[in-house]
Amino acid sequence: MRRVIFSAAAVLISLLPAAPASAGPHASAGPHASAGPHASVGPQQKAPVAEGYGGAVATVDLDASKAAISVLRRGGNAVDAAVAAGAVLGVTEPYSAGLTGGGFMVLYDARQRKVVTIDGRETAPRAMTASSFEGIPFDEGVTSGLSAGVPGTLAHWDLALRRFGTLSLGQALQPAIEVASRGFVVDQTFHDQTAANAGRFKDIASTARLYLPNGAPPPVGSVFKNPELANTYRELARRGPGWLYGGGLGAEIVATVKKPPVTPGSTRNVRPGLMELSDLRDYRALLREPTKISYNGMDVYGMAPPSSGGSTVGEALNILEALPKVGLHEYLEASRLAFADRNAYVGDIPGVPLRELLSDGFAKERACLIGDRALTSPVAPGSPDGTYGACATPTGTATPIADEGPETTHLVVADRWGNVVAYNLTIESTGGNGIVVPGRGVLLNNELTDFTFGPAPGDPNLPGPGKRPRSSMAPTLVFDHGRPVLAAGSPGGSTIITTVLQILVNRYEFGMSLPDALAAPRATQRNTAQTQAEQAFLDKYRTELEAKGHGFVLNPEIGAATALELRGHGLVQAVAEPVRRGGGSALVVNPR
């Protein structure tokens, strides 16, 4: 377990402004009689389930969850807490998240009674073309300047706080500054991820200096500090986002991308990138309309393109609702079909047929293909053309699924006013592109490897100038009679979609409690010849599903979800993984 060795709340408290008595989702943060203790979050141990009042959070990391709770205790809202937790994850989970990455946020604004989404996805430089990755081996593309997208996370945080938060960016960064300065205790996950990347980390001088002290991964139980990142956060608090988007920090990032600091004597071919300072100046985080479907009398909201999370989860749920019965066989088949359509139609392009992909007519046309036997992948995509028959035979050509790095992170937050946030943030592969910006303590992303490498004429996910690579991140909110009841999401590359889908199926089709829905063994079918599944899933369900024609291959760990359920009258249950990725951390302001 990772345990921070200080109280980040102390610094944050000194910076939070007082709030008026009517504080709500957009009011200034401050103390309230019902907020509970203010001086410290306390010495909690990591626990996967918490239930109580006054606000709740679930992340993969205790330090990040404690930072979010400290914000909520002092009267900050869910957006403030999400940004504070995200910044801490950039310290304690640096191989999954960071300010030079990107992400998507789906949030419910209780004052406006409206779901909004923020797209902080990285973009390709203006000089990138559809053929920029052609002929490059995938692994070589990952560890390169070429894979680094224009960062979106900092702009994402800034927009979220200005439009929906109560803290300044500088205030929200304070807990992360403390964690980076004082250090955290290295756990097994951090050590193992460092060791798995040691081969490429040693070939980048700045990365080896930070993450391979004495030439080896930090040992479990040691205290890891990142004073360079602390100073970077301090300067961002003082200078603002413009320091990255066109200022001095941006110039350092561009220089690193264009001339990666390869260790002298290394034989690794680390290709330079195409990013220019003008690409950073032009970057904008965007407000987008969410995806929305009706499912079993509830409304399910997700992230629209360039994320494929909302459309693919939504289509699969529509397919399941069109079937007379739902079991694990039907879950796998609905996912198979939805992925065929995702791969063929969804990307950062004009004209994605989103309305038709999420229509009941299209879902029924796809559902009629599901019988008692598993379909043979790759299945062809359907025709979301607005004209649907009783059962149409697909005539299109299947598109293979692109490689996606498994490391992302997800967090959920709810506050006392009813605001709810589901937030995915990432730097793509475990360790991003492996290149630390010298003197800044932060890894660059390799998000552009989410593009299809090509050649693939007509593929909606080919790279292009200013284009955002298709993502599988699927932060999701569920509403019942206009009231938010559940928020969920996960890391895991394209398995994010199936993880979220399976959690919803477990909860609402199979009647599991939310903790059981997250803990249950997982399988992921993404229009591939074999279904990947965890060992516990194979042990329990393999025989009956193989009898229906499914083939399986082992995937030791699928996803690392976080979720929360709003149970009425202010009661919230926050849930994280009990085991996967070392287990997560759920906390509430006032435990029941």
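Please treat every number below as a calculation from the coordinates, not as lab data. Computed from a predicted structure; not experimentally measured. In this analysis, Cβ positions are derived from the backbone assuming ideal geometry, glycine residues included, and neighbour counts consider all displayed protein chains.
Tabulated values for the structure
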quantity	calculated
Charge tally in the Cβ shell below 11 Å around residue 270, where Lys, Arg are +1 and Asp, Glu are -1, residue 270 excluded	+2
Distance between modelled label sites at residue 385 and residue 131, nm, 7 Å Cα→Cβ extension	3.3 nm
DSSP-assigned coil residues among trypsin sites (Lys or Arg not before Pro) in segment 243-309, each with at most 15 further Cβ atoms within 10 Å	284
Order by protection proxy (mean Cβ within 10 Å, highest first), peptides 506-512, 70-76, 273-279	70-76, 273-279, 506-512
Extension gain from residue 481 to residue 231, taking 0.36 nm per residue of separation minus the Cα-Cα distance	85.3 nm
Label-point separation, residue 456 to residue 162 (7 Å along Cα→Cβ), nm	3.5 nm
Bins of 5 Å from zero: percent of alpha-carbon pairs in segment 79-235	2, 8, 14, 18, 17, 15, 13, 8, 4, 1, 0
Burial order of peptide ranges 80-93, 490-503, 518-531 (average beta-carbon count within 10 Å, highest first)	80-93, 490-503, 518-531
³J(HN,Hα), Karplus 6.51/-1.76/1.60, whole Hz, each residue of segment 479-486, x for Gly, Pro	10, 10, 6, x, 10, x, 10, 7
Two-site label geometry, residue 535 and residue 47: point separation in nm, points 7 Å out along Cα→Cβ	2.9 nm
Of 66/114; 66/225; 325/364, those spanning more than 23 Å from alpha-carbon to alpha-carbon	66/114
Percent of C-alpha pairs per 10 Å bin, segment 210-331, short to long	10, 20, 21, 21, 20, 8, 0
Protection proxy ranking of 563-572, 346-355, 471-480 - average other beta-carbon atoms within 10 Å, highest first	471-480, 563-572, 346-355
Whole-Hz couplings from phi, Karplus 6.51/-1.76/1.60, listed for segment 76-82; x for Gly and Pro	x, 9, 5, 5, 3, 5, 5
Kirkwood hydrodynamic radius of segment 186-259, Cα pairs, Å	14.0 Å
Charge sum, other residues only, whose C-beta stays under 14 Å from residue 540's C-beta, Lys/Arg counted +1 and Asp/Glu -1	-3
Globularity ratio of the chain, using Cα Rg and 2.2 N^0.38 Å	0.90
Segment 493-555, Rg to Rh (Cα coordinates; Rh as Kirkwood inverse mean 1/r)	0.96
Quotient of C-alpha Rg and 2.2 N^0.38 Å, computed over segment 405-459	1.62
Cβ-Cβ FRET estimate between residue 554 and residue 263, R0 fixed at 35 Å, reported to 0.05	0.50
